[in-house]
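> Encoded as structure tokens, here's the structure I'll be asking about.
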Amino acid sequence: MAEIAATASKRDVGRGRGLVAAIAWRSLWRNRRRTWLTAGGIAFGVSLVVFSMAFQAGSYGDMIYNATSFLTGQVQIQRADYIELSRFEQTIGDATETLRRVEQQAGVLSATARVEAFALVSVDERSFGAQVLGVDVERERQVVNFFDRLSRGRVMAGPDETVIGSGLARNLNADLGDEIVVLGSAKRGGVAAMVLDIVGIFDSGISELDRSLLFVPIAAVQNEFGLGDEVHTIVVRTQVDDSRAVVEALGHQLPEGLSVRNWDEVLPEIRQGIDVDRLGGMFMYAIVLMIITFSIVNTFTMTVFERLREFSMLKAVGMRPGKIVLMVQIEALLLWAIGVGIAMGLMVPLLAWLQSSGIYLGEAIVELAKQYYITDRIYPALGPASLLAAPAVMLAATQIAAFASSLRIYWLRAAAGVRAAE
Amino acid sequence: MSSDIVVSCKGVSRTYQEESVPVHALRGVDFEFARGEFVSIAGPSGSGKSTLLNVIGGLDRPDAGTITVDGVELNGLNETELSDLRLHKMGFVFQSYNLIPVLSALENVEFIMQLQGVGPAERAERAMSMLDSLDIVDLADRRPGDMSGGQQQRVAIARSIVTNPVLLLADEPSANLDSATTEDLLQLLRRLNEERGVSILTATHDPIVMSYAQRQVNLRDGAIVEDSAAKVA
């Protein structure tokens, strides 16, 4: 017997697949309606998940790009202790040289430096606390698009000009052309005082910024606040996908004590929002795929049950139980391929077309979208994750469903099946 | 054991539980079957003939006793080893043909050889040659659903002997066939037995089948009550 088994295992293993695959394929079509229903279920589930994931990924890309392009940039460099304490004197020294080194880093598209100071701003009798942001407007425009959101006036052209938020203007009862007095503490303890003309008013859509922020040319702030060649923040523009690598590279290159942060550290609420949304999406996808999986389990339970006679006969004539189970697994694979083929045949061309045309969200949703840094048109992102995740899950589900349903083949007694059939 | 003995059963018993009631299908059966013999096991329904065929074919396991097929003792073999034994040493013909419905006649015959690992060219040639020798070449491309009962049984026989088994087990091979087709089928079995030396063991209660066998063993209530070989001896 050992001789037979040895000979059999040498010759049989890996062979006999041709007709086994043929039986699997043809058996699928013994009950066409059930096959089409199950394959249709797989196609529906995979299509739904691929479509949703592509739009989810696309909306995340847009959200990250729009959020970071607004004011924060994709990467920020600050002194590590400034991030924690935000003290005015915690500056980056030798800012011109540091900015030059940052701009030379591969992956950096542009960069700009900022000075941040808290001050009392007054127009006539009215005074409010505000954050003064010293910026180089030309550089800023290469890094962020904040200055595209001026609702009135223009950007600063000289050292005595300022652009203020619409909320701050309203609180100060100020308007374009009015003079605004800025009083703060200089780095070495003196009083920093500036008298500026309001040349522009911005309306960012974020009331916190509109109420508390004013922009002043960086050189004027450095001069009045006694900073010299010092800044608080260097803001860097990169491709969103490159930002992590740029953070790594700059982290190694820049002097110790400087902290290089990626957008998800600067704007953790965006990352958290994406994570929560992704989790919600995963939950929904899991439910959809689970429902489809139950229908597959049902299909294979019926398939195996209806063919017990055939399987017992195959055992009787010498087909190993493992090979019979393999045949059922091949059926599951073919069923999966049909379903996924239909889904991909529909979804890939549709999503490829939507990648260029997008879907307009409609008037009602545009304002809401702005709050979440989404544009009025969303585009799908056809990446490996959105294309392969659902098919991979369904592949595992069909194989597990087929295997679980066909386990009884191992315990099926050939004689019992043959006798029951007669 | 003599090499002329294909099957040897010693003290084989098999008891089923049917609704908690024990049914003694076989009671200590002793039986030997020589190479090249055409033996029919006869008896009324419930006499144990199908059970005896099944335990000899390794489709069922006896509760007691030993069975040896072509020198291999079946006791102690696991399911995979039993499958391999059936694949390489036995051929089966069932009452209801049991062909694979989605394969053509040629593919059904080829399939067993494919399980044995025979290459595509050789198995196609052997399968066609087997169909030819049984005069059913014209059925090669037909599926079981498109064949009559007699035609299906011929294909089943072709499938069972194409691998040159040492033993052909046929359980009620004529049960679903008319008299003319049964005669035709039995002549074919006799020809295979005489010309190819195929050892045939058939369980039947059909007198026509019994008349074609060289030796008749009668079972009743799970025990051998008559063996024509013993009479001759």
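The values are calculated or read from the model by the stated rules, or taken from the named source; none is laboratory data. What you see is a predicted model, and the numbers here were worked out from it, not measured in a lab. With ideal geometry, Cβ positions are generated from the backbone for all residues, glycine too; neighbour counts draw on all protein chains shown. Accessible surface areas use protein heavy atoms only, side chains included; no ligands, DNA or RNA. Shrake-Rupley method; radii C 1.70, N 1.55, O 1.52, S 1.80 Å.
> For chain B, with a Gaussian network of springs between Cα atoms less than 10 Å apart, report the residue from B:Thr80, B:Thr181, B:Thr68 with the top mean-square fluctuation.
Result: B:Thr80 has the largest fluctuation of those listed.
> Another question about this same structure. What is the magnitude of the charge dipole of the protein assembly as shown about its Cα centre, with +1 placed on the Cβ of each Lys and Arg, -1 on the Cβ of each Asp and Glu, and no other charges, expressed in debye to the nearest 20?
So the magnitude is around 2300 debye.
> Heads up, I need the accessible area for A:Asp242: 1.4 angstrom probe, whole protein in place, Å², nearest 10.
Per-residue accessible area (A:Asp242): approximately 60 Å².
> Relative to the first principal axis of the alpha-carbon coordinates of chain B, what is the inclination of helix B:79-89, with its axis defined by its Cα atoms, in degrees from 0 to 90 and to the nearest 10?
That helix lies at roughly 60 degrees to the long axis.
> Tell me the accessible surface of A:Ile365 in square angstrom (1.4 angstrom probe, heavy atoms of protein chains only), to the nearest ten.
70
> Which number gives the lysine pairs in the protein assembly as shown that have C-alpha atoms under 23 Å apart and are eight or more places apart or on different chains?
So the count works out to 12.
> Could you pull the Rg and Dmax for chain B, using just the Cα atoms, both in Å?
17.4, 53
> Got a sec to turn the phi values of segment A:128-143 into Karplus ³J(HN,Hα) couplings, 6.51 cos²θ - 1.76 cosθ + 1.60 with θ = phi - 60°, whole Hz, x for Gly and Pro?
Using θ = phi - 60°, the values come out as 9, x, 8, 9, 8, 10, x, 9, 9, 4, 5, 5, 4, 5, 7, 10 Hz.
> What angle, in degrees between 0 and 90 and rounded to the nearest 10, separates the Cα long axis of helix B:105-116 from the longest principal axis of the Cα atoms of chain B?
60
> Still on this structure, please answer the following. Partner chain Cβ atoms within 10 Å, averaged over the residues of B:53-64 - can you pull that number for me?
If you average over the peptide's residues, the count of other-chain Cβ atoms is 3.
> Give me the angle, in degrees from 0 to 90, between the Cα long axis of helix A:95-104 and the longest principal axis of the Cα atoms of chain A, rounded to the nearest 10.
30
> For a quick check of understanding: with a 1.4 angstrom probe and all protein chains in place, what accessible area in square angstrom does A:Ser185 have, to the nearest ten?
Its accessible surface works out to 80 Å², give or take rounding.
> Okay, moving on. Ordered by packing density, taken as the mean number of other Cβ atoms within 10 Å over each peptide's residues, highest first, how do A:308-317, A:272-281, A:403-412 rank?
A:308-317, A:403-412, A:272-281
> Measure off, as a whole percent, the carbon and sulfur share of the 1.4 Å-probe accessible area of the protein assembly as shown, all protein chains present.
Result for the protein assembly as shown: 54 percent of the exposed heavy-atom area is carbon or sulfur.
> I need the P(r) histogram for the protein assembly as shown: all alpha carbon pairs, bin width 20 Å from 0 out to the longest distance, whole percents.
Each 20 Å bin holds this share of Cα pairs: 16, 30, 17, 15, 15, 7, 0.
> Which one of A:Trp36, B:Ile200, B:Val21 is farthest out on the positive end of the charge dipole of the protein assembly as shown, using unit charges on Cβ (Lys, Arg +1; Asp, Glu -1) and the Cα centre as origin?
Projecting each Cα onto the dipole axis, the largest value belongs to B:Ile200.
> Let me ask something else about it. Before we go on, tell me the buried accessible area for the B/A pair, both chains summed, 1.4 Å probe, in Å² to the nearest 100.
Using a 1.4 Å probe on protein heavy atoms, the buried area is about 3300 Å².
> For segment A:75-237, report the accessible area per residue in Å² (1.4 Å probe, heavy atoms, rounded to an integer).
Ligands and nucleic acids excluded, the figure is 44 Å² per residue.
> Can you compute the charge dipole magnitude of chain B about its Cα centre, using +1 on each Lys and Arg Cβ and -1 on each Asp and Glu Cβ, nothing else charged? Give it in debye, rounded to the nearest 20.
It comes to approximately 280 debye.
> Based on alpha-carbon centroids, what's the gap between segment A:97-142 and segment B:79-126 in Å, whole number please?
82
> What whole-number value in Å² describes the accessible area per residue of chain B for a 1.4 Å probe?
Here the residues of chain B average 39 Å² of exposed surface.
> If you don't mind, another one. Working from the pairwise distances between different alpha carbons, so that the mean of 1/r is found and then inverted, what is segment A:112-193's Kirkwood radius in Å?
13.8
> Among A:Leu150, A:Leu196, A:Val235, which residue has its Cα positioned farthest towards the positive end of the charge dipole of segment A:75-237, with +1 placed on the Cβ of Lys and Arg, -1 on the Cβ of Asp and Glu, and the dipole taken about the Cα centre?
It is A:Val235, whose Cα lies furthest towards the positive end.
> Right, next: Under the Kirkwood approximation applied to all pairs of distinct alpha-carbon atoms, what is the hydrodynamic radius of segment B:154-233 in Å?
13.5
> Here's something else I'd like to know. Out of A:Ala95, A:Gln355, A:Ala249, whose Cα points farthest toward the positive end of the dipole of chain A (charges: +1 Lys, Arg; -1 Asp, Glu; placed on Cβ)?
It is A:Gln355, whose Cα lies furthest towards the positive end.
> Quick one, can you get me the convex hull of the C-alpha atoms of segment A:75-237 expressed as volume per residue in Å³?
About 107 Å³ per residue, rounded to a whole number.
> Kindly give the semi-axes, whole Å and largest first, of the ellipsoid equivalent to segment B:1-131, taking each as the square root of 5 times a Cα gyration tensor eigenvalue.
They are 30, 18, 14 Å, listed largest first.
> Using θ = phi - 60° and the Karplus curve 6.51 cos²θ - 1.76 cosθ + 1.60, what whole-Hz ³J(HN,Hα) does each residue of segment A:306-311 get, with Gly and Pro shown as x?
5, 10, 4, 4, 5, 5
> If you don't mind, another one. Place a +1 charge on the Cβ of each Lys and Arg in segment A:75-237 and a -1 charge on the Cβ of each Asp and Glu, then give the dipole magnitude about the Cα centre in debye, rounded to the nearest 20.
Rounded to the nearest 20 debye, it is 360 debye.
> Let me ask you something else. To the nearest Å, what is the center-to-center distance of segment B:152-174 and segment A:149-228, using C-alpha atoms only?
Spelled out, the Cα-based centre of one part sits 99 Å from the other.
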